[in-house]
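A short worksheet on the structure shown next.
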Amino acid sequence: MENNQVLHLEIKENGVAIVEIHRPEARNALNLELRQALSETFQQLSKSDDVRAIVLTGGEKVFAAGADIKDFTTATTIDMYLRHTEQYWQSIVDCPKPIIAAVNGYALGGGCELAMHADIIVAGISAKFGQPEVKLGLMPGAGGTQRLLRAIGKFQTMLMVLTGKMIEANEAKQMGLVSEVVDDDKTIAHALEIAETIAALSPIAVQQIKEVTSLGQDMPLQSALTLERKAFQILFDTKDQKEGVNAFFEKRKPNYTGK
Ligand code: CAA
């Protein structure tokens with residue numbers, strides 16, 4: 001386990017990394033130190049051959065209560081511009097490994113936006129999602145309007161971002177914002193199970209699937225289908241593809257090497 005004050009990182013032998021936000025005194029609010037730590041950690045995990053899937057969590061009590069509102073009290077437009085926080089988020093966007101968010105408690109504002117940077121969201125039954133920025137005279141600024149729109153459509157998004165209303169885990173699942181809802185004490189364990197399942201698969205196939213699915217969402221259908229076909233074809237040049245097919249016929253567990 002590598003620790004800094006606000007972010008804990010553990011890389012397990014099975015290829016699963018656990019990134020845990022740790023600012024309990026501020027409900028895991030994302031201050032600059034935490035954003036920087038998240039960015040550096042995701043850059044490190046992106047490059048590491050030992051990591052095949054990542055669980056991102058805020059622990060048992062709270063995922064993240066958003067941007068640190070203290071950073072906003074006297075900030076001017078140019079202060080906000082010069083912070084270039086989009087560069088920190090980009091390290092997570094660019095991560096080629098699957099990210100599974102394990103959400104307990106509040107995922108609000110930047111916390112909800114952080115969860116939406118994941119590929120799969122597992123929520124504890126008491127988790128609450130929301131974009132309450134409008135209540136601060138603000139608006140979502142790290143993808144909230146756009147990522148929600150793409151996940152749950154215009155009318156649910158408008159309701160959330162215009163009122164700041166929080167939604168419960170089961171409602172979030174019905175809307176398509178959450179992949180699975182489990183008991184609060186099972187959230188991290190279940191996210192780990194999913195990560196372990198993915199980590200045992202061919203990392204090249206997994207990364208191609210993540211890339212095509214993520215990019216395809218914003219592409220015209222014909223271009224996205226072409227991208228998918230090309231990625232599918234590329235996989236035929238991997239040892240893992242032959243291993244997967246041979247293991248099927250030999251009725252054994254495949255041993256994927258990432259080659
Ligand atoms: N920033 C800074 N500090 C925060 C915080 C935040 N986002 N959220 C909570 N805290 C602090 C509180 O100030 C409090 O500190 P003190 O003990 O020093 O008073 C401590 O964490 C505990 O908070 P509460 O007493 O409020 O705890 P609660 O359990 O009663 O309520 C909560 C929890 C519902 C999350 C509530 O704290 C809350 O509403 N937080 C703000 C949520 C919010 O508005 N988020 C959006 C931020 S803007 C944003 O994210 C912009 C963007 O898109 C990038």
- [ ] Express the carbon and sulfur contribution to the solvent-accessible surface of the stretch 203-249 as a percent, rounded to the nearest whole number, probe 1.4 angstrom.
- [x] 65
Task: Between the stretch 1-71 and the stretch 142-188, the alpha-carbon center distance in angstrom - done: 21
Open item on the list: Quick check: at a probe of 1.4 Å, how many percent of the accessible area of the stretch 1-113 sits on carbon and sulfur atoms?
Closed with: 48
Task: For the stretch 2-199, convex hull volume per residue from C-alpha positions, Å³ - done: 107
Task: DSSP beta bridges in the chain [antiparallel fraction, %, rounded to 5] - done: 30
TODO: Whole number in Å², please: accessible area per residue of the stretch 203-249, 1.4 Å probe, ligands, DNA and RNA not counted.
DONE: 71
- [ ] For each pair in 47/165; 186/230; 97/242; 165/186; 12/135, compute the distance between the two Cα atoms and list the pairs where it is over 32 Å.
- [x] 47/165; 186/230; 12/135
- [ ] Would you kindly derive the ³J(HN,Hα) couplings of the stretch 188-201 from the backbone phi angles with the Karplus curve 6.51 cos²θ - 1.76 cosθ + 1.60 (θ = phi - 60°), listing them in order in whole Hz, with x for Gly and Pro?
- [x] 5, 4, 5, 4, 5, 4, 5, 4, 5, 4, 5, 5, 8, 8
TODO: Go ahead and set up a Gaussian network model of the chain, Cα springs under 10 Å, then flag whichever of 184, 237, 119 fluctuates most.
DONE: 237
- [ ] Give the peptides 133-142, 90-99 in descending order of average Cβ contacts within 10 Å, highest first.
- [x] 90-99, 133-142
- [ ] Please build a GNM for the chain, connecting alpha carbons under 10 Å apart, and tell me which residue among 200, 64, 191 fluctuates the most.
- [x] 200
Task: Pairs of Cα atoms farther than 18 Å apart, the stretch 203-249, % - done: 33
Task: the chain: calculated mean residue ellipticity at 222 nm from DSSP helix runs of at least 4, using -39500 (n - 2.57) - done: -13500 deg cm²/dmol
Open item on the list: If I take every Cα pair under 8 Å that is 6 or more residues apart in the stretch 7-158, average their sequence separation and divide by the length, what percent do I get for the relative contact order?
Closed with: 22
- [ ] Determine the sum of side-chain charges near residue 18: Lys and Arg each +1, Asp and Glu each -1, restricted to other residues whose C-beta is under 9 angstrom from that of residue 18.
- [x] -1
TODO: Once you've got the GNM for the chain with C-alpha springs shorter than 10 Å, pick whichever of 226, 74, 41 has the biggest mean-square fluctuation.
DONE: 74
Task: Sequence-separation-based contact order of the chain, relative, with Cα cut under 8 Å and 6+ spacing, percent - done: 16
TODO: Calculate, for the stretch 2-199, the solvent-accessible area per residue in square angstrom, rolling a 1.4 angstrom probe over the heavy atoms of the protein chains.
DONE: 48
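The values are calculated or read from the model by the stated rules, or taken from the named source; none is laboratory data. A quick note: this is a predicted structure, and the numbers were derived from the prediction, not measured. When we count neighbours, we look across all protein chains shown, and the Cβ atoms used for this are built from the backbone with ideal geometry, even at glycine. To get the accessible areas, we keep the full protein, side chains included, count just its heavy atoms, and leave off ligands, DNA and RNA. Shrake-Rupley method; radii C 1.70, N 1.55, O 1.52, S 1.80 Å.
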